Amino acid sequence: MIRLLAVLAWLSLATTGSPISPPDSGSLAALKFLEGKWVGEGSSEIGKGSGYATFEQDLQGKVFVRRNHAEYPSSDGKSTYAHDDLMIIYVDTGKGVRAFYTDNESHVIQYNVSVSPDGNTATFLSDADGNAPRYRLTYTRTAPDTMTISLEMTQGADTAGFHRIVEGKMVKVAAGKTAAS
C-alpha cells in the first residue's frame, strides 16, 4: 500500500512538473478579496458621487478584469458627469503583478501591484514617467464585504507628495444581484 501511494505521488509530480505552491503576495490569488460586484459612494475633486465596480477572473483565471462606473450629479453649476474605466490585472513573469488601466477620458496607466502582508490592502502604484502625473490607487478591506478606495496623485517621481483626489467606501453586492441595482 505504501509503495502504491509513493508511486501515485511520484506520477502526480511527474505529470505536473512540480508541486503546487501556495499563493503569495506576488500572485493574483492575493487579490481574491477584490473579486465580486461592489457598489459605493465617495467624493472627488469634482464632488460627491456613487457608482459600482466588478472584479472578475477571466482567461481561465490568468487575469482579473475590473470594470468601474462612477456618476457625479450636477451641482454648483457643474453638469452631470459619468466616468467609466477598465483595468486588466495580470502577472508579468519577472515583474510581478501588474495592471493596465484605461478610461473614457483617454487616460492609459500602467501599474505595479502589491498586497500588504496581512492581505487586506492592495496598492496599485503607477510607473514613473518623467514629469507626468503618478497615481496610487489603494483598496483596503475593512470587513469581509466592505472596503475603502483611495486614488492619489503626485507630479513626477515624487512619491512623498501624493494628495488624495478620490475616496470612497464600497460594499459587496450579494450573489444574484447586479452591481447597478
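The values are calculated or read from the model by the stated rules, or taken from the named source; none is laboratory data. For clarity, every value in this text was computed on a predicted model and none was experimentally measured. Neighbour counts are summed over all protein chains in view; Cβ atoms, including those assigned to glycine, are modelled from backbone coordinates with ideal geometry.
When Val115 is tested against (1) crowded, with 17+ Cβ neighbours inside 10 Å; (2) touching an Asp or Glu at 6+ places or on another chain (Cβ under 8 Å); (3) within 17 Å of Ala30 (Cβ to Cβ), just one condition goes unmet, and that condition is (2). When Val113, Val91 are checked against the criterion of being in contact (Cβ under 8 Å) with a residue 60 or more places away in the chain, under 20 Å from Ala53 (Cβ atoms) and either of a type in the set (S, T, N, Q) or not in a loop (DSSP other than H, G, I, E, B) (or both), a single residue qualifies: Val113.
When you scan segment 94-110, how many residues do you find that are among the β-branched types (Val, Ile, Thr) and either free of Cβ contacts under 8 Å to residues at least 24 places away in the same chain or in a loop (DSSP other than H, G, I, E, B) (or both)?
Residues of segment 94-110 that are among the β-branched types (Val, Ile, Thr), as a first pass: 97, 102, 108-109.
Add one more test, that the residue is either free of Cβ contacts under 8 Å to residues at least 24 places away in the same chain or in a loop (DSSP other than H, G, I, E, B) (or both), and what stays is 102, 108.
Of the residues in segment 94-110, 2 are among the β-branched types (Val, Ile, Thr) and either free of Cβ contacts under 8 Å to residues at least 24 places away in the same chain or in a loop (DSSP other than H, G, I, E, B) (or both).
Yes or no: Phe55 surrounded by 12 or more Cβ atoms within 10 Å (Cβ to Cβ) and touching a helix residue (DSSP H, G or I) at 6+ places or on another chain (Cβ under 6 Å)?
Values: surrounded by 12 or more Cβ atoms within 10 Å (Cβ to Cβ): yes; touching a helix residue (DSSP H, G or I) at 6+ places or on another chain (Cβ under 6 Å): yes.
Answer is yes for this residue.
Taking segment 123-151, which residues are more than 17 Å from Met87 (Cα to Cα) and either assigned to a strand (DSSP E or B) or modelled with pLDDT of 90 or more (or both)? Lay out the reasoning, then the answer.
Filtering segment 123-151 down to residues more than 17 Å from Met87 (Cα to Cα) leaves 128-133, 140-148.
If the condition is that a residue be more than 17 Å from Met87 (Cα to Cα) and either assigned to a strand (DSSP E or B) or modelled with pLDDT of 90 or more (or both), then Pro133, Thr140, Arg141, Thr142, Ala143, Asp145, Thr146, Met147, Thr148 are the ones that fit.
Could you check how many residues of segment 70-103 are modelled with pLDDT of 95 or more and over 17 Å from Arg136 (Cα atoms)? Total satisfying the criteria: 1. Among residues of segment 24-36 that are at negative phi and surrounded by fewer than 18 Cβ atoms within 10 Å (Cβ to Cβ), those with a Cβ under 8 angstrom from a residue that is in a helix (DSSP H, G or I) and modelled with pLDDT of 75 or more, sequence gap 6+ or separate chain, pair up as Asp24/Ala30.
The one condition from (1) closer than 26 Å to Ala175 by Cβ; (2) at pLDDT 85 or above that Ser27 does not meet is (2).
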